[in-house]
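One structure is given here, and the rest of the page talks about it.
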Amino acid sequence: MLAAGILVGATRATPRQSDDRAALIALEQRWLAAEHDSATLDELLAPDFVHAVPTGDFLTKAQHIHYAAAFQPPADERRRFDTLSVRVYGGVGIVTGIVRATHGAAAPDRTIFTDVFVKRMGRWRAVNAQENKIAPMQPKR
């Protein structure tokens, strides 16, 4: 379920652009719902996928899938999009947004991300991902 909304650009989209945007939103929703499932990740990620992570490393598709499958989230974790913005430039799609994760009664964690997709042989697949944890707001003094 999308909470805040989906931005698809300020200009009027062509039917093809609208279809591409809808396809990318569906892929993002699928990725979020199954982000630790090896089979789903194998379908969504291109063979040349790269994931830039906060440790300063660049994970390959195989490394990303291995890590995601090996480190499952807590059973009580719930994730949803706070925001999701899709831009399409021909055969390239860029999706940016914020994911909110809740763990029981704890304060939510928020992550800001950018995913890049390329349409190859009529199919969108992720070629790049990067996300950063959003620091909690500090009270004003």
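Quick look at the values:
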item: Every residue from the range 74-88 that is of a type in the set (A, V, I, L, M, F, W, C) and either in contact with a strand residue (DSSP E or B) (Cβ under 6 Å, 6 or more places away or on another chain) or assigned to a strand (DSSP E or B) (or both); result: PHE81, LEU84, VAL86, VAL88
item: Residue in the range 89-134 that is nearest to ALA52 (Cα to Cα), counting only those that are assigned to a loop (DSSP other than H, G, I, E, B) and in contact with a Lys or Arg (Cβ under 9 Å, 6 or more places away or on another chain); result: ILE134
item: Any hit, the range 95-109, residues being of a type outside the set (A, V, I, L, M), surrounded by 18 or more Cβ atoms within 10 Å (Cβ to Cβ), within 24 Å of GLN63 (Cα to Cα) and out of contact with any His (no Cβ under 9 Å at 6 or more places or on another chain); result: yes
item: Condition check for PHE58: in contact with a strand residue (DSSP E or B) (Cβ under 9 Å, 6 or more places away or on another chain), at pLDDT 95 or above and surrounded by 15 or more Cβ atoms within 10 Å (Cβ to Cβ); result: no
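The values are calculated or read from the model by the stated rules, or taken from the named source; none is laboratory data. Just so it is clear, the structure is predicted and the values come from calculations on it, not from any experiment. Neighbour counts run over all protein chains shown; Cβ positions are idealised from the backbone, glycine included.
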